[in-house]
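These notes are about the structure you will find just below.
The values are calculated or read from the model by the stated rules, or taken from the named source; none is laboratory data. Computed from a predicted structure; not experimentally measured. Positions of Cβ are backbone-derived with ideal geometry, glycine not excepted, and every protein chain shown enters the neighbour counts. For the accessible areas, the whole protein counts, side chains as well, though only heavy atoms, and no ligand, DNA or RNA atoms are used. Shrake-Rupley method; radii C 1.70, N 1.55, O 1.52, S 1.80 Å.
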Amino acid sequence: AQSVTQLDSQVPVFEEAPVELRCNYSSSVSVYLFWYVQYPNQGLQLLLKYLSGSTLVKGINGFEAEFNKSQTSFHLRKPSVHISDTAEYFCAARSAGNKLTFGGGTRVLVKP
Amino acid sequence: DAGVIQSPRHEVTEMGQEVTLRCKPISGHNSLFWYRQTMMRGLELLIYFNNNVPIDDSGMPEDRFSAKMPNASFSTLKIQPSEPRDSAVYFCASSSGQGAAEAFFGQGTRLTVV
């Protein structure tokens, strides 16, 4: 069985400061990893995904994530956040069996 | 493509009534997921289909919930009878292939059971 844990439920951050959102996964099989963003009253949108190859993955809106197999982590980072990055962020894992499992989400509040 | 289309966007119903949520996946996608989102429990996978066949319904909370996918372009999630604790936002998502393919989400249906 696979599971996804997001270690922070809320992350307040000042505008133009860096942010890191932590995600750990557990799975007995190889998984594909994703980060999604959800703006208020909207569905989820894909930020980036890790399939294989380079462990550093770049996504939209200046976000990137690093896959670390030994630590079973897939942390999301952005060097400088904007007010518009205020949203909820979800880490997800998908096994070859197709089940797509999400973490509990991290609410990012960007303060001016 | 118009993306994943869910209807209705909002539903308010009385306890005990039947509720049917609808989803039209992206054309050509062969996997479909139903999720429920609440403040307390976050985003929960209820059931998913591959090629119109239910693969894992272990997330369906109880027998009051049922889901069907009669063809590749339509799925329903039914709650009968509905209860106030079913109030949540229900999302449908679809993807092509398996594994590496990303899932595309609809805008969700906000269900309120009073």
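In this structure, B:Leu45 qualifies as of a type outside the set (Asp, Glu), modelled with pLDDT under 95 and either over 15 Å from B:Ala88 (Cβ atoms) or out of contact with any Pro (no Cβ under 6 Å at 6 or more places or on another chain) (or both).
Applying the condition of being over 14 Å from the mean Cα position of the chain (by Cα) and part of a strand (DSSP E or B) to the stretch A:21-48 and asking which residue is farthest from B:Cys92 (Cα to Cα) yields A:Ser26. Look at (1) modelled with pLDDT under 90; (2) within 14 Å of chain B (Cβ to nearest Cβ); (3) surrounded by fewer than 17 Cβ atoms within 10 Å (Cβ to Cβ) and you find that A:Thr55 fails only one, number (2).
For the subset of the stretch A:49-81 comprising residues that are farther than 20 Å from B:Tyr35 by Cβ and of a type in the set (Lys, Arg), which member is nearest to the chain's Cα centre (by Cα)? That would be A:Arg77. Residue check: A:Lys69 meets all listed conditions (1) open to solvent by 60 Å² or more (accessible area, probe 1.4 Å); (2) of a type in the set (D, E, K, R); (3) touching a strand residue (DSSP E or B) at 6+ places or on another chain (Cβ under 9 Å) but one, namely (3).
The residues of the stretch B:90-114 that are among the β-branched types (Val, Ile, Thr) and either open to solvent by 10 Å² or more (accessible area, probe 1.4 Å) or more than 13 Å from the chain's Cα centre (by Cα) (or both), listed by number, are B:Thr112, B:Val113, B:Val114.
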